[in-house]
């Protein structure tokens with residue numbers, strides 16, 4: 001059974017660094033506000049936000065142990081920082097008793113995917129725009145989050161893809177699929 005929010009916050013704080021804990025609490029606050037704005041399940045948004053980075057501080061070896069323990073299918077591009085989304089989803093389900101909906105929001109909070117649920121969009125964007133984030137365009141993205149969630153998602157995905165390209169890093173196919181899905185659905189170009 002899922003612990004209450006106060007207990008969950010306390011447990012999560014023991015599993016992450018103080019800096020990561022601050023980020024997680026800020027994402028929880030943002031996810032709650034977005035869930036309220038878009039008439040989504042606020043408690044589910046808060047739980048997913050609290051669990052979204054629960055395994056982020058683990059080493060590569062610890063992540064791989066969780067992949068084996070929970071029979072997580074390893075995708076070739078899912079290395080390093082991307083692993084925490086899959087392991088976090090497994091931990092949310094198996095250790096914290098979270099719903100499948102919450103686990104999926106944890107699973108897709110980093111890369112996004114085509115056809116995201118409302119909760120998945122909220123957690124993805126809350127993680128992207130929480131008050132600890134500082135990057136060019138974050139204010140515009142925060143504004144879009146409260147005006148048009150799909151436009152915000154498309155803009156966030158655009159920022160992610162550009163950042164990865166500028167850094168010469170691999171772009172996860174799920175991120176590209178998400179971008180194409182929302183780009184085609186909206187039939188617009190993101191405003192910058």
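Ranked for footprinting exposure by Cβ neighbours inside 10 Å, fewest first, 151, 81, 43 give 81, 43, 151. For 129, 138, the sequence from fewest to most other C-beta atoms within 10 Å is 138, 129.
The distance from the alpha carbon centre of region 133-192 to that of region 28-100 is 21 Å, rounded to a whole number. Sequence-distant contacts, meaning Cα pairs under 8 Å at least 6 residues apart, place the relative contact order of region 122-192 at 30 percent.
Peptides 64-72, 109-117 ranked from most to least packed give 109-117, 64-72, packing being the mean of other C-beta atoms within 10 angstrom over each peptide's residues. Sorted fewest first by neighbouring Cβ atoms within 10 angstrom, 134, 183, 169 come out as 134, 169, 183. Which value does Rg/Rh take for region 57-160 over its C-alpha atoms, Rh per Kirkwood? Over the Cα atoms of region 57-160, Rg/Rh equals 1.00.
The mean sequence separation of alpha-carbon pairs under 8 Å and at least six residues apart, normalised by the residue count of the chain, gives a relative contact order of 21 percent.
Values in this text are rule-based calculations from the coordinates and carry no lab data. Keep in mind that what you see is a predicted model, and the values were worked out from it rather than measured. Cβ coordinates were reconstructed from backbone atoms using ideal geometry, including for glycine residues, and neighbour counts include every protein chain displayed.
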